[in-house]
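What follows is a single structure, written as structure tokens, with notes after it.
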Amino acid sequence: MGFCDLHAFNMALLAKQGWRLLHNPHSLFYRVFKAKYFHQSSFLQAKLGSHPSYIWTSFMAAQPLLKAFLWVMGLLVTIFFGTIHPKRTFTVASAYRQAIKTNDDTDVAEHSRASTTYQFWHGLWKAQVSKKCKQMMWRACRNTLPTLLTLGGCGVPIDATCKICSQSSETLTHALWRCPLAFAQCSTNEELQEWFMISWAVWDARNRYVFDNTQLQPTTILSTTLKYLEDFKKVVKSGASGFLSIA
């Protein structure tokens, strides 16, 4: 879908519901929420209140994003006076871009290494590797890969011991770097793009072993991955379309 930050995407979807509360005053959706939560004001001025529902709490979480979006569009003052320019409409994509910008601005204000962080993410998404590889690396950096220890922490009744080596709990670091299967791949001093692809291949091999009981040899993983990366770069360089996959 092209969305790299799922939290920002979720906020954009919720902000659209807030837009509906501003733009459709005659709908049943609007009248129910207005009667319960902001009967003397607009959604932009509404408060969370006491004992709010989960839906209302979610809408209020996106209220700052909607305000920021309207301010950028030059609509905030207009809406407070009760009119909306007919040619200016809300889109989830534009709200998503605003959410990303807001997050970036917050990072700049609160993080002394914001420039380094930006360069890292920029380098990750610009790397000449497949999209599925970049998605996996992004999830790894955000610590959202479903490792056994993570699943156990979410309430899944599962043994967190690594299924491949049985030497340690399967944390993200163990799965991609410390496990003997991963260590055999990452011991060489390769370029960043090769490291991306090798890490993806290690995670893919782990999934095959856990779910399909299929074990690949480290030498097979390395040779297949480097061949795949070489073919992928040729496709990108030639401008051809298509998607390669490891068999």
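The values are calculated or read from the model by the stated rules, or taken from the named source; none is laboratory data. A quick note: this is a predicted structure, and the numbers were derived from the prediction, not measured. Ideal geometry is used to build each Cβ from the backbone, glycine not excepted, and the neighbour counts take in all protein chains shown.
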Do any residues in the stretch 123-135 that are over 15 Å from residue 228 (Cα atoms) have Cβ atoms under 9 Å from those of residues that are assigned to a loop (DSSP other than H, G, I, E, B) and not hydroxyl-bearing (Ser, Thr, Tyr), where the two are at least six apart or on different chains, and which pairs are they? 125/4; 135/4
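Residues are listed down the side, and each one gets a yes or a no for (1) of a type outside the set (Lys, Arg); (2) at pLDDT 80 or above; (3) not assigned by TED's automatic domain parsing to the domain that holds residue 38:
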site: 62; (1), (2), (3): yes, yes, no
site: 86; (1), (2), (3): yes, no, no
site: 93; (1), (2), (3): yes, yes, no
site: 105; (1), (2), (3): yes, no, no
site: 117; (1), (2), (3): yes, no, yes
Please pick out the residue among 163, 237 that is basic (Lys, Arg), modelled with pLDDT under 85 and either farther than 26 Å from residue 5 by Cα or surrounded by 14 or more Cβ atoms within 10 Å (Cβ to Cβ) (or both). 237
Inspect all residues belonging to the stretch 37-50 and state whether any of them is within 21 Å of residue 99 (Cα to Cα) and in contact (Cβ under 8 Å) with a residue 40 or more places away in the chain. no
Assigned to a helix (DSSP H, G or I) and within 29 Å of the chain's Cα centre (by Cα): which single residue out of 33, 29, 9 fits that description? 9
